[in-house]
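First comes the structure, then the notes that go with it.
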Amino acid sequence: MAPLRVLVTQATGRVGKELIAHLNEARKGGRDVFIRAAVRTESKADFVKSLGADEVVTFDYDKAESFVPAIDGMTQVFSANPDPQADGHAAFCKALGDYGKMEHAVRLSCFGADHNTASYDHDVHASIPGTGIPGMLRGYWRDEEVLIRELPKNTTVLRANFFQGHIVKPETSNIDENGFFSSPLGETKNSFVSTNDLGEAAAVVFLGGVQQHGDKYYDLTGPVPASMHDVAADLAKALGKPVEYRAQDIDQFEKDFGPQRRAFFEYLRNGFYTRCSPDFYNLTGKKPQAFYDYLTKPGKAGETGISEIWKAGMWSKGKNVMEGHEK
């Protein structure tokens with residue numbers, strides 16, 4: 001098989017680090033794989049090298065001068081970006097097209113707004129009359145579209161459900177101090193996806209190659225829909241102490257996280273993300289990872305879900321990270 005020279009953006013993220021570890025394992029098994037990890041700060045270099053990265057480059061979507069040094073010499077790219085850096089990601093995709101030597105791109109995204117494999121009307125919400133598809137979902141499709149425009153037959157998209165690690169991340173201090181968490185999702189069941197699975201799926205796609213996976217779109221979910229009461233039960237079991245779920249008013253949720261986050265959560269409240277997809281099984285030959293297993297079993301990069309969730313994240317109460325980016 002042809003050698004792989006993979007640039008991993010967001011290399012220290014939940015998915016990127018798993019991808020590096022899986023590619024490194026494939027290399028140990030005889031595959032010719034070179035891994036370049038793109039990180040925002042040099043302080044993360046030792047970590048990604050410990051997972052198997054051969055090179056580390058400093059990279060920032062807001063700094064176009066970092067694009068060419070990251071891309072040069074690479075033939076595969078894992079594409080992921082924080083929501084507020086959509087404009088920088090679009091510029092990066094243009095740089096990929098100008099480079100002209102990128103054979104395969106794997107994009108991390110979310111399903112629910114695309115125009116190429118479905119016909120979603122951006123002016124029509126799934127459950128609220130007179131409202132359009134949430135801006136965050138439209139943004140995920142926009143981020144796909146700018147990459148597909150540059151590499152139309154050489155892109156694979158992993159369209160993920162809501163991450164298991166995001167369900168209670170803003171509520172960890174409340175769980176520690178008061179033994180409960182709040183959420184507006186209530187009894188609605190969603191098939192939350194493990195980021196360990198996303199990293200593994202990305203590795204399988206790269207190793208399978210663009211001939212097998214180019215111009216393919218995979219919906220990735222968990223193995224079973226779960227309510228917030230189910231989540232509380234798994235957390236209690238994993239933590240070894242009682243954890244209670246308490247319903248949160250959706251208007252208060254908007255005050256905590258902003259209108260974009262609220263609009264997206266309406267899709268988690270109306271059953272849009274309840275279904276379970278067979279695509280992870282079709283890629284790997286096994287079921288997706290359950291939430292309790294995500295919490296308690298280390299991923300390929302060595303971290304359990306409990307450890308990951310209890311780290312600081314982008315979404316925190318009282319901070320609207322999408323302010324100024326609500327397109």
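The values are calculated or read from the model by the stated rules, or taken from the named source; none is laboratory data. None of the values given here were measured: they were computed from a predicted structure. Neighbour counts are summed over all protein chains in view; Cβ atoms, including those assigned to glycine, are modelled from backbone coordinates with ideal geometry. Accessible surface is based on the protein model in full, side chains and every heavy atom, while ligands, DNA and RNA are left aside. Shrake-Rupley method; radii C 1.70, N 1.55, O 1.52, S 1.80 Å.
Per-structure values
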| read-out | value |
| --- | --- |
| Residue match in region 127-149 (condition: in contact with a Ser or Thr (Cβ under 8 Å, 6 or more places away or on another chain), over 24 Å from LEU198 (Cα atoms) and touching a residue at least 12 places away in the same chain (Cβ under 8 Å)) | no |
| Pair list, Cβ under 8 Å, 6 or more apart: region 290-302 residue farther than 23 Å from CYS276 by Cα and touching a residue at least 12 places away in the same chain (Cβ under 8 Å), other residue acidic (Asp, Glu) and surrounded by fewer than 23 Cβ atoms within 10 Å (Cβ to Cβ) | LYS300/GLU25 |
| Check on SER119, closer than 23 Å to ALA203 by Cα and among the small types (Gly, Ala, Ser) | no |
| Whichever residue in region 217-273 is touching a Leu at 6+ places or on another chain (Cβ under 7 Å) and not in a helix (DSSP H, G or I) and, among such residues, is surrounded by the most Cβ atoms within 10 Å (Cβ to Cβ) | LEU220 |
| THR117 vs. criteria touching a helix residue (DSSP H, G or I) at 6+ places or on another chain (Cβ under 6 Å) and assigned to a loop (DSSP other than H, G, I, E, B) | no |
| Exclusive hit being on the phi > 0 side of the Ramachandran plot and crowded, with 18+ Cβ neighbours inside 10 Å, set GLY112, GLY100, GLY130 | GLY112 |
| Boolean, GLY112 is in a loop (DSSP other than H, G, I, E, B) and touching a Leu at 6+ places or on another chain (Cβ under 6 Å) | yes |
| Any pair with Cβ under 8 angstrom, 6 or more apart, that starts in region 152-171 at a residue that is within 12 Å of LEU235 (Cα to Cα) and ends at one that is open to solvent by 10 Å² or more (accessible area, probe 1.4 Å) and among the acidic types (Asp, Glu) | GLY165/GLU308 |
| Any chance GLU177 is part of a helix (DSSP H, G or I), open to solvent by 20 Å² or more (accessible area, probe 1.4 Å) and over 30 Å from MET102 (Cβ atoms) | yes |
| Selected residue [hydroxyl-bearing (Ser, Thr, Tyr) and within 20 Å of PRO259 (Cα to Cα)] from SER66, SER109, SER127 | SER127 |
| Subset of region 58-77 that is open to solvent by 30 Å² or more (accessible area, probe 1.4 Å) and in contact with a strand residue (DSSP E or B) (Cβ under 9 Å, 6 or more places away or on another chain) - its residue that is nearest to LEU151 (Cα to Cα) | GLY73 |
